Structure formats: structure tokens, C-alpha cells
Amino acid sequence: MGDTLEIFGRYFKLLKVVFTKPDKNSAFRKQFLIESEKLILNSIPIIAVISLFIGAVLVIQTASNIENPLISKMYVGYMTRESLVLEFCSTMVALILAGKVGSNIASEIGSMKISEQIDAMEMMGINSANYLILPKIVVTVLFNPLLMLMSFIVGLLGGAMIIYITDIITLNQYSEGLQYAFNFYYFIYSMVKMAIFSFLITSISAFYGYYAEGGALGVGRSATRAIVTCSVAILIANLVVTQIMLN
Amino acid sequence: MIKVIDLNKRFGEKEVLKGVSIEYTPGECSLIIGASGSGKTVLLKSLVGLHQIDSGEIWYGNIEWSALSFKEKKSIRKEIGMLFQGSALFDFATVEENIRFPMDFFTDWSDSEKRKRVDFCLERVNLKGVNTLLPSELSGGMQKRVGIARAIALNPKYLFCDEPNSGLDPQTSILIDQLISEITKEYNITTVINTHDMNSVMAIGDRVGFIHQGELLWEGDKEQVLVSGCKELDNFVFASEMAKKMRELLDSKRQE
């Protein structure tokens, strides 16, 4: 219990240092662009591929479960859309990002820590936590909700693709279902969730990297801890935000 | 000048520095020697503020560094350069970007001025045409030299080197030692070097301080190191087989 409290204390202490005015705005802007490429653009292919296949699988599963002739086939489109927007595109994508981006951040900052690069920055009088972590947090909180939207669109395309290939239902039925009982608030809910998850993924991974110790083994350990903690934090946050926003 | 008065530092129960008092003078290479785990690196990192000290005073000129806040320390940090044990070059940046790093943060120099300064620093450490290389593309000795170039980028008054020769072959070690010594004299820098390499002590040790189990046991110059009369220092200096044999030889000659 004492250890957990200490970890929380150190985490919030680090966040306090991270959320200060950058030493140099031009350096922040430069880092912002670098991190945008590293954390967002480089995540697009994996998110797109997974979303495409999940969208297709959701259509097959839903269609195979609607056997009653009284239930319209357009519900396949409706249920695929709802599954994607409510859970997959935010929570599942966030869990994928926790693995990809989380381990990347923890190992990058961790190896900088053990090779004294962070000490070198501190020695120069540069707020290393602010310089290294703040751009990552800002980039992911701003742009990951857009990744969520992209995942949604690609997921729907995946569904359309499998319908086109298999004729499991007609594309008209699918399209009708996608437009049925459309609730824009769900998008807001999902994007808010994604922004919160992104903050958790980036800050927790950076925290474990920043306090890494014990050589290369320590960096590996901190990356593993970061992924596990991020995943648990995402699931808890999902529950809390859903309760607040949908109940 | 740097003045250290009664410096104490502990990690948990372990007392790592015990009442260390020492002075470092401009234009001199002052060496801290001692066995691994004796507290050398902790002393060096305490001097540059990477470790918070428990008690004691550290003075940079007439400013008490240890009493300043993080923000207040910034103005003095610009006057400090440091060469880390593993060079600590930023992996994500090229050689030029590494040397420019402190300039980007602490100067309003134009791009061409920064480029000129980078070229000057690289030339000073006898490296040319490596501006666009990444640290991973350099040898250990070259990385150290880029580390020195970065450390002198802002014309520091104080230079700290943590085991500058670790991992280098004897010939490259001599080059790095010479380079640090030349820069120290040329720019009248107060240089503090942390080492356990006796070749460095003999080559550039204007002042030498011996740390044993967190205590500064002995101070003197390189000539006095061999005849210090300090048992712990003798054990450290004459630890190698070759040194032991030379010592026996010297002793026997003295007796004759």
C-alpha cells in the first residue's frame, strides 16, 4: 500500500514538472512535430489494418446471429456501427496503442535515463520532463481522437468490403443500418474517452521510463510495467467515463 | 573557483559523502581519484546539482550554489559544461544538433553563428566532417570528443568530466586527457575530473584529491601522489602488479 501511494505521489510530482511553461517555445514546436510523426502518423497503418479486419468480422458475426426473418438485415449495419463507435474505436484502439506507443515511450525515455542523456539535459538547466514528455502528451491528446475517427471509418469500410465479397447482406441494407438511429453524442463520448486514454497512456509510460533504473533490463521492466499499468488504467477509466457520460 | 565546504550526502542509510571540503582553481585540472563506489561520481553530480546534498556548502565564485533554487541555478548552469562517462550524446540528434542543443536553449545567436560555433568546437576537438552523423555512427573516442565539444559550446567557466577515459584504448585516453588539459589552460576553465586512471593523474593532474569510502583522505599534486604516506592511497595507486613491482624496486633502491 505504501509503495502504491509512493508511486502515485511520484507520478503526480512528475506531472507537476511536466505541465510548466516550456523553456523555449521553438524547441517545443519542433518536438511537437517530431512526436506527431512518431506517435500518430506511424500508428496509422496498424490501426487501419486492425480496424479493417475487425469491421469485417463484426459484420460476419452480427449477420450470422440474426437468423430471425422478422428482424431486418439492416440491423447488421446498425450494430456494427454501434460496436465500433462505442467500444472498439476508443477502448480497443487505446489498448493497442498502450502496447505500441506505451512501450515506445517507456523504452525511449528509459534508455535516455540510463545512458545519462536526461542528466545531461538537467545539467544544462533544461527541464527534461517538460521537454520530453509535454509534447508527447499534447500530441496524443489532440490527435488520437482523430485516429479513433479514422478507425471508425476504416472499420465501416471493412464491413462493406466483406459484404461486397460474400454477399452476406446487401450493401443497401448495410448502408441503411449505418444511418439508422444515428446518435452524434456517441462520437463525442468516444472521442472524450480516447483523449482521456491517450493522456493515461502517454503520462504513465513516460513516468515508468523517466524513473527507469538498472540498465537495459530495467528499461525492459519499465516498458512492461507501463503497458500493464496503462491497460488497467484504460479499463478503469472506461468504466468511470461510461458511467458519467452514458448513464 | 569552486569551493566545497563540509559536504555530506547519504542515500537511505548509506553515507556516501562524509564532510568533504575541497577547492578547485581556474586553469587547473583537478582530479578526484578513488576506487569504484568511493563516492567520486556522487561528489561530481552533487557539484553540478544532479544530486541534492544533505548538508554543506558549494560555492561557485562568490555565489553559494547549494542555496539557490532550480531557476536561480540556471544562470550558473550556462557556465558549466559536463562530459559524462558514456558521453550522454542525444541518440535522436546528429553531432551538429547535439552541439547546438545548449545554444538553442540559452542563446539568441543566428543560425549561421550557431553553425560557426559548432564548426569551431568540432575543430577544437580535432573532428571535422562529422556534423551530420548520429552518435551511434561514431567510435567511443569520437563520442567523447563530441561530448567535449558540446560541453565547451557555450564557453563554460567550469568543466566537469566523469571518467573521461572509461572504455577507451590507452592511446585515445591520452588524446582525450591532452585535449581536456589544453582546453582548461587555453580558456582558464576550472576543470574537475573524476577518474581512477593513474595515467591521467600522472599526465594532467595539477591537483589531486583522493576519496576513500566517502571521505577526502588526501590532497596534493601528481608529484606527491607516489610519496603520499597515506596507506589507503598507496593501496589504490599501487594496486596493479606492475605498480607493485615498481614500488618494490623503488623501495629497494632507496634502502641501498
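The values are calculated or read from the model by the stated rules, or taken from the named source; none is laboratory data. It should be emphasised that the depicted structure is a prediction, and the values quoted were computed from it without experimental measurement. Note: ideal-geometry Cβ built from the backbone for every residue, glycine included; neighbour counts use all protein chains shown.
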Subject >> Test for B:Phe70: is it within 28 Å of B:Tyr24 (Cα to Cα) and within 13 Å of chain A (Cβ to nearest Cβ) >> reply: yes
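The rows are residues; the columns are (1) out of contact with any Lys or Arg (no Cβ under 9 Å at 6 or more places or on another chain); (2) buried (at least 18 other Cβ atoms within 10 Å of the Cβ); (3) among the hydrophobic types (A, V, I, L, M, F, W, C); (4) more than 8 Å from chain A (Cβ to nearest Cβ).
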{"residue": "B:Ile58", "(1), (2), (3), (4)": "no, yes, yes, yes"}
{"residue": "B:Lys74", "(1), (2), (3), (4)": "yes, no, no, no"}
{"residue": "B:Asp91", "(1), (2), (3), (4)": "yes, no, no, no"}
{"residue": "B:Glu96", "(1), (2), (3), (4)": "no, yes, no, yes"}
{"residue": "B:Arg100", "(1), (2), (3), (4)": "no, yes, no, yes"}
{"residue": "B:Phe105", "(1), (2), (3), (4)": "no, yes, yes, no"}
Subject >> Unmet requirement for A:Ala98, which otherwise passes all of (1) farther than 26 Å from A:Ala27 by Cβ; (2) surrounded by fewer than 23 Cβ atoms within 10 Å (Cβ to Cβ); (3) at pLDDT 95 or above >> reply: (2)
**OP:** Sort through A:Ile60, A:Ile118, A:Ile133 and tell me the only one that's under 24 Å from the mean Cα position of the chain (by Cα), in contact (Cβ under 8 Å) with a residue 40 or more places away in the chain and in a helix (DSSP H, G or I).
**Re:** A:Ile133
**OP:** Could you check how many residues of segment A:40-70 are surrounded by fewer than 13 Cβ atoms within 10 Å (Cβ to Cβ) and hydrophobic (A, V, I, L, M, F, W, C)?
**Re:** 3
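Taking the stated definitions as given, is A:Thr20 β-branched (Val, Ile, Thr), more than 16 Å from A:Gly209 (Cα to Cα) and away from chain B (no Cβ under 14 Å)?
Working: β-branched (Val, Ile, Thr): yes; more than 16 Å from A:Gly209 (Cα to Cα): yes; away from chain B (no Cβ under 14 Å): no.
For A:Thr20, the condition - β-branched (Val, Ile, Thr), more than 16 Å from A:Gly209 (Cα to Cα) and away from chain B (no Cβ under 14 Å) - is not met.
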Original post:
Within segment A:122-133, can you find the residues that are facing chain B (nearest Cβ under 8 Å) and not small (Gly, Ala, Ser)?
Top reply: A:Glu122, A:Met123, A:Met124, A:Ile126
Original post:
Which members of segment B:18-50 meet the condition of being among the β-branched types (Val, Ile, Thr) and away from chain A (no Cβ under 14 Å)?
Top reply: B:Val20, B:Ile22, B:Thr25, B:Ile32, B:Ile33
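On the given criteria, is B:Gln171 farther than 24 Å from A:Pro22 by Cβ, out of contact with any Cys (no Cβ under 6 Å at 6 or more places or on another chain), crowded, with 16+ Cβ neighbours inside 10 Å and polar (S, T, N, Q)? Explain how you work it out, then say what you get.
On the way: farther than 24 Å from A:Pro22 by Cβ: yes; out of contact with any Cys (no Cβ under 6 Å at 6 or more places or on another chain): yes; crowded, with 16+ Cβ neighbours inside 10 Å: no; polar (S, T, N, Q): yes.
So B:Gln171 does not fit the description; no.
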Subject >> Odd one out for B:Pro135 among (1) over 24 Å from B:Ile32 (Cα atoms); (2) out of contact with any strand residue (DSSP E or B) (no Cβ under 8 Å at 6 or more places or on another chain) >> reply: (2)
